[in-house]
Amino acid sequence: MQHLDSLYKSAVHTDVKLAVFKTKEDQAKLIKAYTQLLQDLGKFLKDNHFKWEVLTRGFNRIYLNANGKIDYFLYNFAKDQLTSAKEKEFSRLLNLFVKDYQFALTAQEKFAQCSSVKYLDI
């Protein structure tokens, strides 16, 4: 992750000079697009019969190119949240999802967005 962070600028940052999305308006658009991405992922998982079965906590860091295509989608689940078989299936479906996903926002440069997440069945 440290290497990728050196290649992708932070989508938002406390120091706006270091952020890709600098204005409050652009940051609101980013949050909307990021929320949509997580909702689309949830729908994709459901459509492919993936069930969380319990609230699952984790962390995502997503690296996108300037055109809004996902280059890397890193994730980490809280300890003992998933069986290895369930995590393997999540990984398989996630790879299918990101292959064709178009983020709703583009930028002048590649960027990364991260957050804690709570996954549950929808």
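Please give the number of the condition Gln36 fails out of (1) surrounded by fewer than 15 Cβ atoms within 10 Å (Cβ to Cβ); (2) over 14 Å from the mean Cα position of the chain (by Cα); (3) not charged (D, E, K, R).
Going through the list (1) surrounded by fewer than 15 Cβ atoms within 10 Å (Cβ to Cβ); (2) over 14 Å from the mean Cα position of the chain (by Cα); (3) not charged (D, E, K, R), Gln36 breaks only (2).
Take the residues in segment 6-23 that are at pLDDT 95 or above and charged (D, E, K, R); name whichever of them is farthest from the chain's Cα centre (by Cα).
Top of the filtered list is Lys22.
Against the definition (among the charged types (D, E, K, R), more than 22 Å from His3 (Cβ to Cβ) and either in contact with a strand residue (DSSP E or B) (Cβ under 8 Å, 6 or more places away or on another chain) or in contact (Cβ under 8 Å) with a residue 24 or more places away in the chain (or both)), how does Lys88 come out, yes or no?
Considered against the rule, which asks whether it is among the charged types (D, E, K, R), more than 22 Å from His3 (Cβ to Cβ) and either in contact with a strand residue (DSSP E or B) (Cβ under 8 Å, 6 or more places away or on another chain) or in contact (Cβ under 8 Å) with a residue 24 or more places away in the chain (or both), Lys88 comes out as no.
Identify, from the list Leu45, Leu74, Leu7, the residue that is touching a residue at least 12 places away in the same chain (Cβ under 8 Å) and surrounded by 16 or more Cβ atoms within 10 Å (Cβ to Cβ). I'd like the intermediate steps shown before the answer.
Values: Leu74 fails: surrounded by 16 or more Cβ atoms within 10 Å (Cβ to Cβ); Leu7 fails: surrounded by 16 or more Cβ atoms within 10 Å (Cβ to Cβ).
Selected residue: Leu45, the only one of Leu45, Leu74, Leu7 that is touching a residue at least 12 places away in the same chain (Cβ under 8 Å) and surrounded by 16 or more Cβ atoms within 10 Å (Cβ to Cβ).
Please work out if Ile62 is buried (at least 16 other Cβ atoms within 10 Å of the Cβ), among the aliphatic types (A, V, I, L, M) and touching a residue at least 40 places away in the same chain (Cβ under 8 Å).
Here the answer is yes, as Ile62 does meet what is asked.
The values are calculated or read from the model by the stated rules, or taken from the named source; none is laboratory data. In this text the structure is predicted, and so the values were computed from the model without any measurement. As a convention, Cβ positions derive from the backbone with ideal geometry for all residues, glycine included, and neighbour counts pool all protein chains shown.
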